[in-house]
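Okay, structure first, notes after.
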Amino acid sequence: EIGAVVSITVYFVAMLAIGFYAWIKSTQDIKGYLLGGRDLGPAVAALSAGAADMSGWLLMGLPGETYRIGLSASWIAVGLVLGAYANYRVVAPRLRVHTERAGDSITVPEFFEKRFADRSRALRAISAVVIIVFFTLYTSSGMVAGGKLFESAFGANYAFGLLLTAGVIIIYTYFGGFLAVSLTDSVQGCIMFIALVLVPIVALSELGGPAAANAAVAGVNPAFLDMMGDLTAVAIISSLAWGLGYFGQPHIIVRFMAVRSVRDVPLMRAIGMSWMTISLLGALATGFVGLAYATRNGLDVADPETIFILLSDLLFHPVITGFLLAALLAAIMSTISSQLIVSSSSLTEDFYRSWLRREATQKELVLVGRICVVLVALVAIALAWNPDTSILGLVANAWAGFGAAFGPVVILSLTWKRMTRNGALAGMILGAATVLFWIYAPVLAGGAALSSVIYEMVPGFLICLFAAVLVSLLDKPPPEEVVATFEESAAELRAARAAAG
């Protein structure tokens, strides 16, 4: 136990030190605080995007789902890999160029406003509301994971674990802003990667190899060895649909805005996709091999989402266990800090500066940004106070909310010059409303929600896409200056690609 506590303490101190470094280096103005001055290298941008994306879900939710249903849980991973690759291909280079051309936008809502020359500012306000509502939910899922980690690994009080995790994140995000978040995320991404390779390999060697693991899992349920399992076509579509969410996740696509240059995007993509593919395979293997190990050794696993923690505790020296638990903390903290800084960005830039204090000084805006970090964190802590909340369920709802509200709007705004402000607004509102209706409306027999039939991402994404295209076509064409900016961005992108060969 002491060795594990030492490892966790060293990890916490390292994260705070990075936050202090970022505070000195890049928090003098609001662009530095909220976007790192658009100067992230491709490796930091890629690793921080991956770590921000995956959260505690990667080391708890996905292994837990694989433990529960076997290899059929892999469809979520397949959907995520395809979606992330398409995001890097379609969105990353275009967003890096377009956001700079569109008035040097530093938040997604600001980009929407400037991309469509929306003088009513309705598009910016609504998209900012979507970010703050869904991110507060999303952040609370990370807080739950932090509390569960300390409870299951150290026997600590759930509330203590929740508050300790949140406290460290708040401190380094408060002081260091986006640069601190990105640097800590990239370090955390490396720790997560090592852990997800190490744990299943050691567990597999303890079992005696893949054949022994397969035999043990088959003894529980032979269907667990089949990727199809007991899944229907609709269930597989629901799992694959997780990949559609990537295009609309502000905490991920903000890294595309912050990378040093559009010429860095191919290297960023190569690093990001390699990290993601191996990490997802490791998470699936942890759940699968964990089931075999628990079955072979007669272990009682009350909560499948804690299988990574259980294996870390049983198979390794306490110091290594502490490192592995730090990896889980890294997964949790990297996502929470990213969501806090994006939520703070929206509150600061899209509400305070846009609506209340257009003449605010840079120093004032940085202070407001820091205050907003604390406010969002406090609300998320309150929502996470109940330890019985499902991590995967919370993440699924928030992921779908962003994917359906923003995904098609982001793609179309970057690829289709005929898109209009009203089209974007209609798509965003209907996409978000569809997701909420799908989750909460008790329209089926016994008061069940439609999300029990198919993942809310599917109807939400399609309705947003259809509404955005239809309303844009029925609307009058966008203003000439909007089309001109779009064409300038497209020309810059073509030139960058030509220069890269």
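The values are calculated or read from the model by the stated rules, or taken from the named source; none is laboratory data. What you are looking at is a predicted structure, and each value in this text was computed from that prediction instead of being measured. Cβ atoms come from the backbone with ideal geometry, glycine included; neighbour counts cover every protein chain shown. When the accessible area is computed, the model is the full protein with side chains, heavy atoms only, and any ligands, DNA or RNA have been set aside. Shrake-Rupley method; radii C 1.70, N 1.55, O 1.52, S 1.80 Å.
When each of the peptides 141-152, 336-347, 3-14 is scored by the mean number of other C-beta atoms lying within 10 Å of its residues, the order from highest to lowest reads 336-347, 141-152, 3-14. Per-residue Karplus couplings for the stretch 399-405, computed as 6.51 cos²θ - 1.76 cosθ + 1.60 with θ equal to phi - 60°, are listed in order as 4, 5, x, 5, x, 7, 6 Hz, Gly and Pro entered as x.
Using the Cβ of L71 as centre and a radius below 12 Å, the other residues enclosed give a net charge of -2, where K and R count +1 and D and E count -1.
Take the Cα of I371, step 7 Å toward its Cβ, do the same at A433, and the gap between the two points is 3.4 nm. In plain terms, the chain from A43 to R89 could stretch by 14.9 nm, reckoned as 0.36 nm per residue minus the Cα-Cα distance. Accessible surface for the chain, divided over its residues, is 36 Å² per residue with a 1.4 Å probe.
Nearest 0.05, what FRET efficiency do A495 and F160 give at R0 = 35 Å with Cβ-Cβ as r? The calculated FRET efficiency here is 0.05.
A protection proxy built from the mean count of other Cβ atoms within 10 Å ranks the segments 239-247, 102-110, most packed first, as 239-247, 102-110.
For the chain, the fraction of 1.4 Å probe accessible surface lying on carbon and sulfur atoms is 68 percent. Between V78 and A302, the FRET efficiency from the beta-carbon distance, with R0 = 25 Å, is close to 0.30.
The stretch 328-376 and the stretch 23-65 have Cα centres separated by 14 Å. Extension gain, R263 to A233, is 6.8 nm, computed as 0.36 nm per intervening residue step minus the present C-alpha separation. Ranked by the mean number of other Cβ atoms within 10 Å of their residues, highest first, the peptides 478-485, 180-187 fall in the order 180-187, 478-485. Evaluating 6.51 cos²θ - 1.76 cosθ + 1.60 at θ = phi - 60° for every residue in the stretch 45-60, the Karplus couplings come out as 4, 5, 5, 5, 5, x, 5, 5, 5, 7, 6, x, 4, 5, 9, 10 Hz, glycine and proline recorded as x.
Say R0 is 35 Å: what FRET efficiency, to the nearest 0.05, do D104 and R418 get from their beta-carbon distance? After rounding to 0.05, the efficiency reads 0.90.
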